[in-house]
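Peer 1: Okay, handing you the structure first.
Just so it is clear, none of the values below were taken in a lab; they were calculated from the coordinates. Predicted model only: the values in this text are computed from it and were never measured. Reconstructed Cβ throughout: ideal geometry from the backbone, glycine too, with neighbour counts over all protein chains shown.
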Amino acid sequence: MVDASLGRVAFDPPPDAEIPEWFDLAEFERTVTLRLTREQLAALPRPHRVEREDDLRDGHVQADVVVIGERRLDYLLVCLDPEVDVVSPGDADASVNTRRDCSRHTSHQAPDVPTVE
């Protein structure tokens, strides 16, 4: 942000804040490797960090995505497009499969709307 104002009151943005060295969250980082399209990668919920991104021959990307904490990892996995493959860790894949099984039994269409075939 460069500047902002509310009426006649001017606002100067604060200087860039530096994160102190003692504020280390590395022990809480959780990494998941995903196989997905670039559009799906761009649509992942934030905050996250992409550590590694490899282009695959079929037009997909294999990416190591890092989040802070189990809760954000769970949220990331729940928000994944059903077409995204979880490469590792294996227990994350099991949780995604459970979510996908539940979503198959849930209709996303209102019951009174006729389907078009």
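Peer 1: Pulled fully out, how much extra length does the chain show between Glu18 and Asp64, if you take 0.36 nm times their separation in residues and subtract their Cα-Cα distance?
Peer 2: Roughly 14.0 nm would be gained on extension.
Peer 1: To continue, here is another question. Two decimals, Cα atoms only, Kirkwood Rh: what is Rg/Rh over the stretch 40-89?
Peer 2: Ratio of gyration radius to Kirkwood radius for the stretch 40-89: 0.94.
Peer 1: Under a crude label model (7 Å from the Cα following the beta-carbon direction), how far is Val87 from Val50 in nanometres?
Peer 2: In this crude label model, Val87 to Val50 measures out at 1.3 nm.
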